[in-house]
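What follows is a single structure, written as structure tokens, with notes after it.
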Amino acid sequence: MVQARHVITRSYETSLYDHQQTFRLLWHHLDQIGHLHRVNQAAPGRLASGRESSEERAELELFLTLYARIGTAGTAG
């Protein structure tokens, strides 16, 4: 049982690491091509327009939160 728990925990940690690495690579790529900057500039206007669905509003707000916390600092390495 202990051995099974170790395998499951190790698999989870590896999977989480892979997801984090994927996110970093994608964020870096989107930053390098200027997409993050463009979305960051357009998002407040889109939110203020009131034309976005509640799901789109939530996604834009999440993006703005992430961009404010990570910005381009998350692209190192």
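The values are calculated or read from the model by the stated rules, or taken from the named source; none is laboratory data. Just so you know, these numbers come straight off a predicted model, no measurement behind them. Please note: Cβ atoms are built from the backbone with ideal geometry, for glycine as well, and neighbour counts cover all protein chains shown. Heads up: the accessible areas ignore ligands, DNA and RNA and are worked out on the full protein's heavy atoms, side chains in. Shrake-Rupley method; radii C 1.70, N 1.55, O 1.52, S 1.80 Å.
With R₀ set to 25 Å, the beta-carbon distance separating Ser53 from Thr14 gives a calculated FRET efficiency near 0.10. At a probe radius of 1.4 angstrom, the accessible area of the stretch 13-75 per residue rounds to 72 square angstrom.
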